Amino acid sequence: MRFKSGTDIGLKRDENQDAVRCEYFGHNVLAVVCDGMGGEKAGKEASTIAMEEFFQRFSDGYSESLDDEEIRKLLISSVSAANSVIYTKAKLDFNNFGMGTTCVAAFVTDKSAFIANVGDSRAYLIVENEGVFQITTDHNVASLLYEQGRITEEEMENHPQKHMLVRAVGVEKTVQTDTFIIDYEDKISLLLCSDGLSGYCTDDEIYDVIMNSDFDSVTEELINLALSKGGRDNVTVAVISE
């Protein structure tokens, strides 16, 4: 199992409010991407807190004897731990009003990938000779309207409320986390990213860059792709491959 990650402030923002971290747990890999939001400094603080709390909770609860359901529940409780700390901090300081963050996490073993997400940072499955396939569901207004049948898929892609979240870590007292489990036999490749990549680049463009890049340079090339589109947001990526 190997991983590469990277983050860039982009070309339009004054601060990078994204965060990314990947670590080994034995032969397994945990990767997390967070995209903070809020007032001045609050977004950066939210993503930083989320990352620290998530990894602390996961590390405290993890053992190699956990079964699939226990791993899934540990991912959920790790998001909840981050949610509680951010929510409390925002309540105690009006300067942090509205602070929150997305969170997408992947824990990959030699037979399964466990995905958890809140917000619109994404996890993709990379399938050679086929493309990239979004695993997660975006928790934003546009996706909600699409699920309700009120707009088309094409309208969703260009909707003015595409970046308005309906779910995020730290905004409410409790948070609902989506989870997914993908079982595989021989190998698996995953991409985690903030919407600084997925919001401005098509799936086909992302797939082409991945297929035409060496593994050591793949995250840098994905960031360059987003920058070539105008770099209007912070861009953060993590690639895990068996």
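We did not get these values from a lab; they are worked out from the coordinates using the rules stated. Every value quoted in this text rests on a predicted model; they were computed, and no experiment measured them. Positions of Cβ are generated from backbone atoms using ideal geometry, with glycine treated the same way; all protein chains shown enter the neighbour counts.
Karplus-derived 3J(HN,Hα) values for the range 122-136, using 6.51 cos²θ - 1.76 cosθ + 1.60 with θ = phi - 60°, are 10, 10, 10, 8, 9, 10, 4, 6, 10, x, 10, 10, 5, 8, 7 Hz; glycine and proline are entered as x.
Gaussian network model of the chain, Cα springs within a sub-10 Å range: biggest mean-square fluctuation belongs to which of LYS162, LYS44, LYS187? Taking springs between Cα atoms under 10 Å, the residue moving most is LYS187. For the range 2-241, a crude dipole built from +1 on the beta carbon of Lys and Arg and -1 on the beta carbon of Asp and Glu, taken about the Cα centre, is about 940 debye to the nearest 20. The GluC sites (Glu not before Pro) of the range 81-160 that DSSP puts in a loop, and whose beta carbon has at most 10 other beta carbons within 10 Å, are GLU128, GLU130.
For the range 203-229 versus the range 1-76, the spacing of their alpha-carbon centroids is 21 Å. For ASP178, the residues 5 or more places off, or on other chains, whose built amide H falls under 5 Å of its own are ASN117. Placing unit charges on each Cβ (+1 for Lys and Arg, -1 for Asp and Glu) gives the range 2-241 a dipole about its Cα centre, and among VAL132, MET99, LEU11 the Cα reaching farthest toward its positive end belongs to MET99.
Under the criterion of Cα pairs below 8 Å and six or more residues apart, the relative contact order for the range 55-121 equals 24 percent. In the chain, helical runs assigned H by DSSP with n ≥ 4 each contribute -39500 (n - 2.57); averaged across all residues and rounded to the nearest 500, the mean residue ellipticity at 222 nm is -10500 deg cm²/dmol. For the range 2-241, relative contact order (Cα pairs under 8 Å, six or more residues apart, normalised by length) works out to 27 percent.
What ranking of ARG232, ARG57, ARG150 emerges when the number of other C-beta atoms within 10 Å of each C-beta is taken as an exposure proxy, fewest first? Intermediate results must be reported in sequence, preceding the final value.
Values: ARG232 15, ARG57 20, ARG150 10.
Listed from fewest to most nearby Cβ atoms, that is ARG150, ARG232, ARG57.
Going through the cross-link list LYS89/LYS173; LYS73/LYS173; LYS4/LYS187; LYS12/LYS44; LYS4/LYS89, which pairs have a Cα-Cα distance over 21 Å in this structure? Listed pairs above 21 Å: LYS4/LYS89.
Express in whole angstrom the spacing between the alpha-carbon centres of the range 129-185 and the range 88-117. Cα centroid to Cα centroid, the span is 15 Å.
Ranking SER213, ALA116, VAL79 by Cα position along the charge dipole of the range 2-241, where only Lys, Arg, Asp and Glu carry charges on their C-beta atoms, puts VAL79 farthest toward the positive end. Projecting the Cα positions of ALA226, TYR200, GLY43 onto the charge dipole of the range 2-241 (unit charges on Cβ atoms of Lys, Arg, Asp and Glu, taken about the Cα centre) puts GLY43 furthest along the positive direction.
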